[in-house]
1. Calculated FRET efficiency, residue A:129 and residue B:144, Cβ-Cβ r, R0 45 Å, to nearest 0.05?
2. Top mean-square fluctuation among A:86, A:107, A:51, Gaussian network model of chain A, C-alpha springs under 10 Å?
3. Can you compute the charge dipole magnitude of the range A:66-129 about its Cα centre, using +1 on each Lys and Arg Cβ and -1 on each Asp and Glu Cβ, nothing else charged? Give it in debye, rounded to the nearest 20.
4. Between residue B:110 and residue A:113, what FRET efficiency comes out of the Förster formula 1/(1 + (r/R0)^6) with R0 = 41 Å and r the beta carbon distance, rounded to 0.05?
5. What spacing in nm lies between the two simple spin-label points modelled at residue A:9 and residue A:39, each 7 Å away from Cα in the Cβ direction?
6. In the range B:61-125, if the dipole is taken from +1 on Lys/Arg beta carbons and -1 on Asp/Glu beta carbons about the Cα centre, which of B:103, B:118, B:66 is farthest to the positive end?
7. Okay, helix-only estimate at 222 nm for chain A: each DSSP H run of n ≥ 4 adds -39500 (n - 2.57), divide by all residues, round to 500 deg cm²/dmol; what do you get?
8. Can you tell me how the protein assembly as shown classifies by the Cα gyration tensor, rounded, prolate or oblate, using a/c under 1.5 as the rounded cut?
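Derivation of every value follows stated rules applied to the coordinates shown; laboratory data play no part. Everything numeric in this text was worked out from a predicted model, so none of it was measured. Cβ placement follows ideal geometry from the backbone for every residue including glycine, while neighbour counts extend to all protein chains displayed.
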Amino acid sequence: MVFQQKRDAEGRVVSGLWFEELTEGLVVEHAIRRTVTETDNVMFTTMTMNPAAAHLDADYAKGTEFGQVLVNSMFTVALVVGLSVPELTHGTILAQLGMDDVTFPKPVFVGDTIRVESEVVSARASKSRPTQGIVVFEHRAHNQRDELVCQARRTGLIRRAPSQGAS
Amino acid sequence: MITTYLDDIRVGDTSVSRARTITETDLVQFAMITGDWHPIHTDKEYAAADPRFGQRIAHGALVISFGLGLVEFWPPAMKAFYGLDTLRFVAPTVIGDTVRVETEVLDVAARPDGDGVVTYRFVVLNHRDEPRCVADLKALVARKPEG
């Protein structure tokens, strides 16, 4: 028996949602959570050439109001998008068009576990691309204490469902 | 450290770098990149049983490399890393140490081609101001361009 999976027009397995499925107000809770590690912060920070003491200098961080190293928030926002991919856009997004209103209401520390939910803020057909639509998501990320640590609006160019073949 | 052309460098000039904390990530990645997997750097149990150190220590090469990354080498003046003399790891650097570099110009030697070799006392210290790595560093430094 073959498990029937969702596929695109070329037969590739997809797990995201098509434009038609992304209706305004839809909320998706993402299954994969992730504990942020020291490795994540050190690698991301050094990879992006950010020498800020807040991310790399534990002795300095001890003396700040946080008392410990802050995880680089640019990593946080990248993680938030990444965690949203499996149920939302895997195989169904053509391109990310932009981000707006990115905020970090609470800090992320090494050892925090992040979960993400996404809401469809708006969805409209593309005027120039008949097989695609433009969808605005709001991603919301919480830590294990249920504190909101990152919120972002993100616009994607999303494929419509293939006209024939398996949905 | 090298922030000006040769013309403005004097014996006795000093500098202090920014700082960075040595993490477990750094040791693991350094072992991966270099292939130096000696257990004193990568095996917690082996290192705990070592009577001298009692814990994992950073590779000496990591410490000097981090030191080189912490100091400023202003590209227009810094022409070449010429070498290190009497490099000594005077005490181990461990995970959690925050290191910085302090330098002092020991010698400025002009060359006929217009550039010069500057010798620096190069000291990597931890956050308790304890020297961990000491060396004399030589750099080829450019003279101020004409005009």
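1. The calculated FRET efficiency here is 0.20.
2. A:51
3. In total the dipole reaches around 240 debye.
4. For residue A:113 and residue B:110, the calculated efficiency is 0.10.
5. 4.1 nm
6. B:66
7. Roughly -6000 deg cm²/dmol at 222 nm, from the helical runs in chain A.
8. Numbers: a/c = 2.71, a/b = 1.99, b/c = 1.36.
In terms of gyration-tensor shape, prolate.
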